[in-house]
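Notes for the one structure printed next.
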Amino acid sequence: MTFSVDLHVTDRDVRLHLTVAAGETVAVLGPNGAGKSTLLNSIAGLIRPDSGRSQLGGTVLFDLPAAGSGRRVWRPAHRRGVSLLAQEPLLFPHLSVLDNVAFAPRSAGASARHARETAMHWLRQVDAEPLAARRPAELSGGQAQRIAVARALASDPGLLLLDEPLAALDISVAPAVRRMLRRVLVDRSAIIVTHDVLDAYTLADRVIIVENGRISDEGTPAEVFDRPRGAFAAGLAGLNLLTGIRRGTTLITADAVAAVANLPEPGVTEGSPLSLAVRPAAVAVSIAPPTDPRLIRLQAELIDLEPRGDFVRARSAVLAADVSPKEAAQLDTAVGSPVWFSFPTSAATLYPTVPSENSAP
Amino acid sequence: MSPAAKQYSGVPAWVAALAVVGATFVLLPLAAMVLRVNWAEFIPLISSESSVAALLLSLRTSLAATVLCVIFGVPMALVLARTDFWGQKLLRSLVLLPLVLPPVVGGIALLYTFGRRGLLGQTFEVLGIDIAFTTTAVVLAQTFVALPFLVLSLEGALRTVGTRYEAIGATLGAGPSTVLRRITLPLVVPAVVSGAVLSFARALGEFGATLTFAGSLQGSTRTLPLEIYLQRETDPDTAVALSLVLVVVAIVIVSLAHRTGRPSLRRARELS
């Protein structure tokens with residue numbers, strides 16, 4: 001079923017439009033407070049936006065015209081065919097696992113026997129059949145989230161909403177639940193809110209970045225994370241992002257802090273906006289200018305050296321580099337003074353800057 | 001207690017001393033009453049015709065009042081805990097007023113509502129129903145004073161449980177009544193039970209509103225507290241024996257409420 005939503009919440013300054021094609025999984029990423037939860041809760045029918053419209057297949061979920069013009073439609077949550085899976089499993093503590101999963105079929109009017117058969121089917125789908133007789137209090141976090149997935153799927157939703165389904169899970173069990181989600185989300189219309197790029201890559205066909213209540217970027221995971229349009233997406237993808245104007249073989253960044261010298265042959269025309277993305281691990285730091293003339297380089301003040309396990313992150317205002325502890329020790333005296341950051345052309349992705357319609361301030 | 005479980009306790013000695021005085025103040029009168037009981041005549045005293053009639057009437061009316069409290073108190077608690085409307089705070093204070101109102105005032109208020117010349121009295125008279133000074137009036141007086149106990153404890157429990165389970169239930173296709181029956185009520189059953197037990201206890205001890213609104217007619221409106229009050233003048237031994245019966249009933253009820261209250265607290269902690 002195709003799904004579309006237009007959403008407007010005045011006091012939170014949220015204005016979003018998105019569609020989900022039949023069988024498509026869309027990942028929504030964004031900073032905290034960007035409006036992601038507002039989006040999911042409005043679609044689920046748990047909060048009422050100021051105005052907007054949403055449709056799932058032929059069913060209007062809500063139609064709230066601005067300024068009271070026309071008929072207002074608000075379909076209650078239980079008649080939307082939209083199921084919400086939250087960060088916490090929220091299994092009903094007074095019901096067994098089987099009865100939790102059978103809850104939706106029972107509510108839809110199925111007989112007790114039929115509802116339990118449906119529940120067993122979905123428990124098998126999430127590899128949790130042996131847990132059927134248990135109480136939620138007797139489950140581990142990963143098991144409980146599996147059951148919550150089965151319970152949501154047992155309602156046969158036209159659209160499945162997942163609100164950071166893996167965020168509360170132990171790091172050791174998250175991968176198995178993610179694989180299970182990948183399996184059950186095939187050919188299912190779903191919106192997944194997440195903070196994890198890995199979730200977006202493994203689970204989603206399309207990624208939407210929401211910042212300050214607006215969609216700031218949209219595309220396949222590869223498009224959004226290999227060629228990020230904004231700082232947020234670049235940060236998620238673990239990339240340095242430099243944006244500026246091309247001048248010959250240099251990139252003049254917008255804040256004019258640094259000029260990147262030695263750009264490869266121009267792929268974009270002179271004077272046009274250009275983005276450059278590079279992994280911190282590919283960047284080298286030196287006090288003296290790099291000797292290899294083929295390296296892309298820029299000079300910037302070294303702000304600090306931040307130990308991160310087996311490597312050290314050297315940060316400047318425009319670029320970060322991951323260096324070995326040995327190199328970091330040599331750089332220690334250079335903190336607060338300009339150093340050279342350099343990286344090979346092959347490590348950099350250069351692409352024309354696409355101005356986002358609602359670029360975040 | 002094992003030495004490992006001993007933790008720093010910050011109770012100064014003078015606080016403990018005041019606590020002991022307070023506890024003595026509560027327990028001493030009970031002991032004084034028990035000492036005054038005429039044990040040789042105890043059974044005959046409490047099994048006299050008027051005593052048994054009063055006890056049975058008390059149990060019957062308190063039970064009926066408790067049922068009314070559950071039927072109307074649960075919806076009231078749900079509306080107060082789950083909805084948001086203008087004047088809700090004021091309404092809550094007014095609904096809980098019987099908690100702090102002198103019962104005799106409640107009785108007068110009921111009299112001017114259901115009495116023959118009361119607000120609704122004429123209506124009921126037309127229907128051929130007489131309420132004041134009947135057993136029905138006893139039940140109404142008890143319900144009036146006991147209802148806030150159930151509403152208060154249940155509303156607190158509903159707020160503690162929160163609405164997240166209910167929201168999930170709705171997204172799974174359950175309508176409001178199904179959510180209420182299969183999620184909300186099962187989660188607050190301990191609070192309903194302990195609230196009902198408290199209401200029952202309050203109804204059982206009701207005196208002022210009953211006397212004012214229902215009078216004191218043996219067999220139909222003279223409940224146990226009224227009987228004790230009357231006997232005190234003429235037959236102190238009976239009054240003391242019946243008082244002891246009420247004390248025992250109260251202790252049983254408190255321990256029941258305590259037992260059912262604990263799981264509700266534990267569950268609330270699990271949820272939070």
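The values are calculated or read from the model by the stated rules, or taken from the named source; none is laboratory data. Please read all numbers here as calculations on a predicted model, not as lab measurements. Cβ coordinates were reconstructed from backbone atoms using ideal geometry, including for glycine residues, and neighbour counts include every protein chain displayed. Note: areas computed on protein heavy atoms with side chains; ligands, DNA, RNA excluded. Shrake-Rupley method; radii C 1.70, N 1.55, O 1.52, S 1.80 Å.
For the reader, a short list of remarks on this structure follows.
- From the alpha carbon centroid of the stretch A:278-336 to that of the stretch A:166-195 is 36 Å.
- Projected onto their three principal axes, the Cα atoms of the stretch A:238-352 cover extents of 41, 26, 23 Å, largest first.
- Amide H to amide H, with H built 1.01 Å from N, A:L274 comes under 5 Å of A:G244, A:I245, A:R246, A:T353, counting only residues 5 or more places away or on other chains.
- Derived scalar couplings ³J(HN,Hα) [the stretch B:162-172; Karplus, 6.51 cos²θ - 1.76 cosθ + 1.60; whole Hz; x for Gly, Pro]: x, 10, 5, 5, 5, 4, 4, x, 5, 5, 8
- Peptide ranges B:206-214, B:69-77, A:158-166 listed from the most packed, as the mean C-beta count within 10 angstrom indicates: B:206-214, A:158-166, B:69-77
- Heavy atoms of A:S172 accessible to a 1.4 Å probe, total area in Å² rounded to 10: 90
- For A:L61, distant residues with modelled amide H under 5 Å away: A:S54, A:Q55, A:L56
- For the stretch B:206-214, Karplus couplings with θ = phi - 60° (6.51, -1.76, 1.60), whole Hz, Gly/Pro x: 4, 10, x, 5, 4, 4, 6, 8, 10
- Calculated [222 nm] ellipticity per residue, helices only, for chain B: -24500 deg cm²/dmol; basis is -39500 (n - 2.57) per DSSP H run with n ≥ 4, divided by all residues, nearest 500.
- Counting all C-alpha pairs of the protein assembly as shown, share separated by more than 36 Å (%): 60
- If you take all other residues with their beta carbon under 14 Å from the beta carbon of B:F144, and give Lys and Arg +1 and Asp and Glu -1, the sum is 0.
- Separation between Cα centres of the stretch A:82-108 and the stretch B:160-193, rounded to whole Å: 11
- Amide H contacts of A:V193 (H built 1.01 Å from N, under 5 Å, at least 5 apart or other chain): A:V28, A:L162, A:D163, A:E164
- Working note: Cα gyration tensor of chain B, eigenvalues times five, square-rooted, sorted largest first, giving semi-axes of 35, 31, 17 Å.
- Exercise: per-residue mean of other protein chain Cβ atoms within 10 Å, A:76-85: 5
- Interatomic Cα distance distribution for the stretch A:3-226, bins of 5 angstrom, percent: 1, 7, 15, 18, 19, 16, 12, 8, 4, 1, 0
- Accessible area (Å², 1.4 Å probe, nearest 10) - A:Y201: 100
- Mean separation of Cα contacts under 8 Å (6+ apart) over length of the stretch A:3-226, as relative contact order %: 28
- Residue with peak Gaussian network fluctuation, chain B [Cα springs, cutoff 10 Å], from B:V245, B:V197, B:V145: B:V245
- Shielding by partners, peptide A:99-110 (average Cβ within 10 angstrom, other chains): 3
- Cut-off 11 Å between beta-carbons: net charge of the residues surrounding A:L40, Lys and Arg +1, Asp and Glu -1: -1
- Sum of -39500 (n - 2.57) over DSSP H runs of 4+, divided by residues of chain A (222 nm, nearest 500): -6500 deg cm²/dmol
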